[in-house]
Structure formats: structure tokens, C-alpha cells
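Reading through the C-alpha cells given below for one structure.
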Amino acid sequence: MNYTNLDQFGKDPWWLVLAKVVIIFAFLVVMTLFAIWYERRVVARMQVRPGPNRNGPFGLLQSLADGLKLAFKEDIMPKMADKVVFFFAPVISTICAFTAFSVMPFGPTVSVFGNWTPLQLTDIPVAVLLVLACSSMGIYGIVLGGWASGSTYPLLGGLRSSAQMISYEVAMGLSIVSVFLVSGTMSTSQIVEAQAGNGTVSIGGWTFDAPAWYAILLIPSFIIYFTSAVGETNRAPFDLPEAESELVGGFHTEYSSLKFALFFLAEYINMVTVSGLCATLFLGGWRAPWPISIWDGANTGWWPVLWFTIKVLLLLFVFIWLRGTLPRLRYDQFMRFGWKVLIPANLVWILALSGVRLLQKDNISTGSRVGVIIGIVALVVLVLVMVGMQRGRKDVLADVPKPDPGGRVGGKDGFPLPPMNLEVPPSPRAKRVIVEREPVSTSKES
């Protein structure tokens, strides 16, 4: 028995709602502990070393041991910190991370002690916007944590994190618009329902079967979403706010003990959340993939929980794979990539997809169809021209004037240029002290 509307939500008894809340909380905590172990083992495998293998079978209890050890460490409060904001900042990030998972569908409607209930805590007509709102609110915890520390490095890390997360939040939100256009809803349960089976698409008189998963039907949106999700969660190669060589540890430099553990927990829960949202929007949600879907009972009962969890674990593997293979980007390159590549590509793709959806309507005239087709072609040509112009630009560093022999650009009064050989030159303000030394006599005194 599957559900296709929102009428079945809000009718559960209180004990069932409480059980769902506890189960989701436990699922996220266990997934965090497993993801830490999973990441350490996979990266160790890539680097040809064993990884954690002492505590528990295959080292599975290593994350739990580290978490308990971290919770009982000494809690250090910086002298210049704002104590109230310093305490609430990690709490804000953690609560927002947990709340975002409340609208994720784990499976269809099942019977729990005689009560038919969907395997989802709740659902609303704008459930996807709720996830985006929670992830946006989590930025406040990072900014406040960096500011309340009363130190320069956390403040810079917090500002850098907020700029990065806001930039890639825009790109991630735009990538989901195409899913709204195709499915016609913002409800997570109905988006999963819209990906059931193959659909029929008719464009300009041609009719063909379209794939069920939006990851195939809307592959540009899928690629942009996952790229933006990696940047929005501060994961490598986009973990610029926590670049050790520049900002020590970023916004959480001054945090320790349980407060640091909450920031750590929020980061990994955000990874699970964006992976679960990606599986829901693009990979059919809890529905079984082919060829498992051939089995009649694959999408009934409790089996869909397994398919959903497997999809989330596979997406987490991609997070870890990227960390173990790609080098960290430079910050200006990373921000330029988000604002000048991902967001314009999103807008162009949304306009093209809107034109295709307009062509699918039966009541549109022939002249309007021709106009839409011409507009889509002109849009594609414009994008190609802009890409060609971008590739034809000279490198920014090629226009930098060369320094004179004195090490300054623009003459004697120009600005100094750092040496290219990494040698530190003497300070021009330092006075050179010349000490007159007496000549050393090599003859022995009589």
C-alpha cells in the first residue's frame, strides 16, 4: 500500500510520532558514527594503509570511542569569548541539521501495531523548501561561532564559511527548480511518487519513454546539485573555510570538548541530509533500482528502507572519494566557479527546460512552438558564445606589470611584490649595523 497524497500525515497517535522522532534521531547519530569510520577506512584503502581496526570488529567502535573521549575532555572557554553566543552557536547548527531530515521519506505506508502510517515523520506541500531553510539557518551557527570566539582566525573562518555556503546554497536551490517543473510538486513524498515507473514524453509530435529517475532525465540538475552540495557542506575539495594552512581550523578553532563535537556532528548530519535529499529528488527515493524493481514486493513493506539507506551510503562514498582524490581549490577560484559557472548554467538549463515543458502542452499554437524553439536555439548559441569569450580571455596574472630591479612594481613609489624564489628579503626599515672588527693576529704572543 503506497501513498500519493498528503492526507495521511498528521493522523498518527502520539506514541507513534514520538517513536518516529527517536528513530530518526538514532538513525542520524548512527549514520554519523558510521560515516566517520566509513571515511577513515575508505581513505586508508586509497592510501594503502589499514585505517581504524582495533576497537570492535573491523574498528567499527572507533568512532564511538572517539566521541566519548571528546565529550569528556576539558571544556575550554576563551577569555574574550561571548559566553552565551559561544554556547548556542553549535546548538543552532546541530538542531538545524536534525530538523532538515524530518521530511525525508524512508518508505511507503506500512502497518505498525495495526496503525497504517507512512515511513516519514511529516510532509508538507513545500517540504523541499523546509530542507533549504534549515540548511540556511545552520549558517547562523557557523557565523556566530566564529564571531563569539573573540579571535581573528575563527572570525575569518566564519565569514569565509558564510560566503561559501550562501553562494552554493543559491546554486543548489536553483538546481532543484527543474525537479519542481517536471514533478509539479514540492512535496518529498509526491516527488518520489512521480519517479515511479517510466513516463511518456511528447514533444512536437514525437512520443518516447522517459526514464523514471530524474538523475537521468535531468542530468544537468543532478550534477549541479551534487557539486553544490559538496561546496555547501564544506567538504573537500571545497573545504576552504577549514584550510589548515590558512585559517588553522576555521570557525571552530577555539572550540573544544562537547561543543566541538556538536559542530562535527552537524557537518556529518548535513552530509547525510544532502545525500538523502539527492536520493529523494533524483534517485527515486526509497524505490528499488532496476533490476530489483522487477520483484513485486521490492517497493512494499520495510524493504524500501534498505534501498534508501544503500543510496545514501553510495552518495556518502562519493563525498569520501572526492576528498581522497582531488586537491583543494584556491578560494577565489572556488567562489568564481560558483557564481560564474554553476548559477548561470542553472539559469540557462531552467529556461531551456521551461521551453521544453511549454512545447509539451497541447493547446499551444504552431507559431508559439516555432518561437519557443527559436528561443531555445538562440539561448544555446548565446551560451556557446559566452563560453568561447571566457576561454579567449587572457590570464589575469599575464597583465600584472613586472617589478623593477628594486623589487617594486610601478617604480620607486610603487607597491612591493613578494619574491618568486620564496626568499624573505630584508626589511627596508631595518637599520644595517656595521661592526668594525679588529683584525685577528695569527702570531703567538710572546
With the cut-off at 20 Å, tell me which of the pairs Lys69/Lys259; Lys259/Lys311; Lys73/Lys259; Lys20/Lys69 have Cα atoms farther apart than that.
Lys259/Lys311; Lys20/Lys69
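Provide the gained length on full extension for the span Asn115 to Leu18, in nm with one decimal, where the gain is 0.36 nm per separating residue minus the Cα-Cα distance.
33.5 nm
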Per residue, how much accessible area does segment 270-356 have with a 1.4 Å probe, in Å²?
47 Å²
Sequence-distant residues sharing a close amide H with Val112 (under 5 Å, placed H):
Thr117
Using the heavy atoms of the protein chains alone and a 1.4 angstrom probe, what is the accessible area of segment 41-83 per residue in square angstrom?
78 Å²
Chain lengthening between Lys11 and Lys79 when straightened (0.36 nm per residue, less Cα-Cα)
19.4 nm
Hz values of 3J(HN,Hα) by residue in segment 130-137 - Karplus curve (6.51, -1.76, 1.60), Gly and Pro given as x:
5, 5, 5, 5, 5, 5, 5, 5
Cα shape, segment 250-357, gyration tensor, a/c 1.5 rule
oblate
Can you grab the distance from the C-alpha centre of segment 64-141 to the C-alpha centre of segment 313-358, Å, no decimals?
25 Å
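Order Val30, Val341, Val356, most accessible first, counting only protein heavy atoms with a 1.4 angstrom probe. Mind showing how you got there, number by number?
Numbers: Val30 90, Val341 70, Val356 45 Å².
Result of the area sort, largest leading: Val30, Val341, Val356.
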Whole-Hz ³J(HN,Hα) from phi, Karplus 6.51 cos²θ - 1.76 cosθ + 1.60, for segment 54-67, glycine and proline x:
9, 7, x, x, 6, x, 5, 8, 5, 5, 5, 5, 5, x
Row for segment 43-146, column shape: gyration tensor on C-alpha, a ≥ b ≥ c, rounded if a/c < 1.5 i.e. under 1.5, prolate if a/b over b/c, else oblate; value oblate
On full extension of the chain, what length is gained from Asn55 through Val29, given 0.36 nm per residue of separation minus the C-alpha to C-alpha distance?
7.5 nm
Using r as the Cβ-Cβ distance of Ala196 and Lys69, and R0 as 41 Å, what FRET efficiency do you calculate, to the nearest 0.05?
0.35
Give, as ranges by residue number, the residues of segment 312-326 whose backbone N falls under 14 Å from the point 7 Å along Cα→Cβ of Ile292.
312-315
Could you give each residue of segment 72-83 its phi-based ³J(HN,Hα) in whole Hz, using Karplus coefficients 6.51, -1.76, 1.60 with θ = phi - 60°, and x for Gly or Pro?
9, 6, 5, 8, 9, 10, x, 5, 8, 7, 7, 4
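The values are calculated or read from the model by the stated rules, or taken from the named source; none is laboratory data. No experiment lies behind these values; they were computed from the predicted model shown. Note: ideal-geometry Cβ built from the backbone for every residue, glycine included; neighbour counts use all protein chains shown. SASA here: full protein model, heavy atoms, side chains in, ligands and nucleic acids out. Shrake-Rupley method; radii C 1.70, N 1.55, O 1.52, S 1.80 Å.
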